Amino acid sequence: MSLLVVGLSHRSAPVSILERASLSGDTQAKLLQDTLAAEPAAEGTVLATCNRIELYADVDKFHAGVAELSTLLAQHSGVGLDELTPYLYVHYEDRAVHHLFSVACGLDSMVVGEGQILGQIKDALALGQELHTAGRLLNDLFQQALRVGKRAHSETGIDRAGQSLVTFGLEQLADGTGDADVDTWAKGKRALVIGAGSMSSLAAATLARSGVSEIVIANRTLNRAERLAQILSEPGGTGVTARAVEMVAVGDELTRADVVVSCTGATGLVLTGEAVETAVQSRRAPLALLDLAMPRDIDAAAHRIPGVRLVDIESLAEASADAPMAADVDQVRGIVSDEVAAFGAAQRAAHITPTVVALRTMAADVVASEVARLEGRLPGLDDKQRAEITQTVRRVVDKLLHAPTVRVKQLASEPGGAGYADALRTLFDLDPETVASVSRADLNDADVKNRGRV
């Protein structure tokens, strides 16, 4: 396994760098295509969220891989390599697996224990599959990461350690007004949600459950906003009054809203300081702003406007640094360690499987050849005799190969067991091309199977 991850996150870089280094969907696709075109990388996928960008690849050279992936991140993020390098982290082989499993469990999130990262990992895998840049290693890795994350949430109380970024942000807004909880603070308020993507949808649903009286959805594509508003208003749903508006109506809606949540994919500001100040001048009630976008949607200058409280990614990062860790975190760390060991053993065992298959294929060919030669020498054999002889020879070969192949798989699954496949190929003079053809067939089957899971 030659897994390499190069990335940056809220733990390694300031928000100002993360804002500039954010990747759009099209940029992510181009980054992956260029990653596979690079010499050291055989597979690749990218995990990009509002507070992390990580490029995963299967590489054949560590140092060349780090240099190439770092350069590609700099090229596609728009941040110069010299400026970006001090904030990059690198994980290799088992450490890379440990890192992704920790991320999947929410241990590396801004809000420890949040579950939204699982959806983002699923999206990263789906993108790699769609572009055919994720092969067997990354398919196995990301599928297992999803299972580990789900296991952590089902077997421990990690959910108690933190919430989604949306809930945490709303708690910060409520705390700033002295209210005991979000429900008390939100009850009866009018909310404006800017954007209709996954984070905005989560924000709208959270606000609806918290008791706001009305939610207005503003989005550049009006029909997406209308679909979200319809879902929120459906009978048996949240019961909140919801409607959709175009982005040009945001200024008017600002004068009526009590709380605004913005999370779009815009590269520039959605709400300028001037727009917020204008809205505040025509209202008496305070205005609460929650900016979950990266790069930011709302001008940071808004927090200096009287009557306005702004919570954004930067202030959330500061608040989360002081949040207490739950006791369940240690249990999750134990799960991660166990799963990393199991994944490594499975990958090492899988590495020798094509060699074992090639060995058994060669043995079957020898049996077939010898049986054919025997039939030429003893043409008088009837069908029953021929079948009995063939079965006997096959049993002898299977018994001779059984113990060595079982044992070599066990040895190969242990640390340092990668050399057993080479030894087996040498001892039995197996054709490397035959082993490679088994690997390619196995990879294609795994790709088809994993595509069906996402």
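Summary table below
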| read-out | value |
| --- | --- |
| Nearest-0.05 FRET efficiency for His402 and Leu374, computed from C-beta distance (R0 22 Å) | 0.40 |
| Val90 accessible area, 1.4 Å probe, all protein chains in place, Å² to nearest 10 | 50 |
| Sequence-distant residues sharing a close amide H with Leu310 (under 5 Å, placed H) | Leu289 |
| In degrees, nearest ten, helix 383-412 long axis to first principal axis of the chain (Cα) | 50 |
| Per-peptide average of other Cβ atoms within 10 Å, ordering 255-261, 377-383 highest first | 255-261, 377-383 |
| Equivalent-ellipsoid semi-axes of the stretch 365-405, from the Cα gyration tensor, Å, largest first | 23, 11, 5 |
| Whole-number accessible area per residue in Å² for the chain, which is evaluated in the context of all protein chains at 1.4 Å | 47 |
| Among Met247, Val5, Thr184 - extreme Cα towards positive end, dipole of the chain, charges at beta-carbon | Thr184 |
| Electrostatic dipole magnitude of the chain [Cβ: Lys, Arg +1; Asp, Glu -1; Cα centre; debye, to 20] | 1000 |
| Normalised alpha carbon radius of gyration of the stretch 227-273 [divisor 2.2 N^0.38 Å] | 1.35 |
| Whole-angstrom gap from the stretch 1-65 to the stretch 265-301, using each part's C-alpha centre | 31 |
| Two-decimal Rg/Rh across the stretch 1-44, once Rg and the Kirkwood Rh are taken from alpha-carbon atoms | 1.04 |
| Which label in (1) 151; (2) 185; (3) 142 gives the computed volume of the Cα convex hull per residue in Å³ | (2) |
| The stretch 273-288 - phi-based ³J(HN,Hα) in whole Hz, Karplus 6.51/-1.76/1.60, Gly and Pro as x | x, 5, 5, 5, 5, 4, 5, 5, 5, 9, 9, 9, 6, x, 10, 9 |
| With DNA, RNA and ligands ignored, accessible area of Ile389 (1.4 Å probe; Å², nearest 10) | 60 |
| Relative contact order (%) - the chain, alpha-carbon pairs under 8 angstrom, separation at least six | 13 |
| Inter-centroid distance (Cα atoms) of the stretch 369-391 relative to the stretch 177-232, Å | 78 |
| Convex hull volume per residue for the stretch 1-159, taking Cα atoms only, in Å³ | 95 |
| For the stretch 258-404, radius of gyration divided by Kirkwood radius, i.e. Rg to Rh on alpha-carbons | 1.57 |
| Estimated distance in nm for a label pair at Asn223 and Leu36, the labels positioned 7 Å out from Cα along Cα-to-Cβ | 3.0 |
| Förster radius 35 Å - calculated FRET efficiency between Ser198 and Ala341 (Cβ-Cβ, nearest 0.05) | 0.60 |
| Ordering of 313-319, 140-146 by packing [mean C-beta count within 10 Å, highest first] | 140-146, 313-319 |
| Helix 432-451 axis, angle to the chain major axis (alpha carbon atoms, nearest 10°) | 40 |
| Degrees between helix 116-130 axis and first principal axis of the chain (Cα, 0 to 90, nearest 10) | 50 |
| Share antiparallel - DSSP beta bridges, the chain, percent rounded to 5 | 45 |
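The values are calculated or read from the model by the stated rules, or taken from the named source; none is laboratory data. Because the structure is predicted, anything quoted here is derived from the model rather than measured. Cβ atoms come from the backbone with ideal geometry, glycine included; neighbour counts cover every protein chain shown. Please note that ligands, DNA and RNA were not included when accessible areas were found on the heavy atoms of the full protein model with its side chains. Shrake-Rupley method; radii C 1.70, N 1.55, O 1.52, S 1.80 Å.
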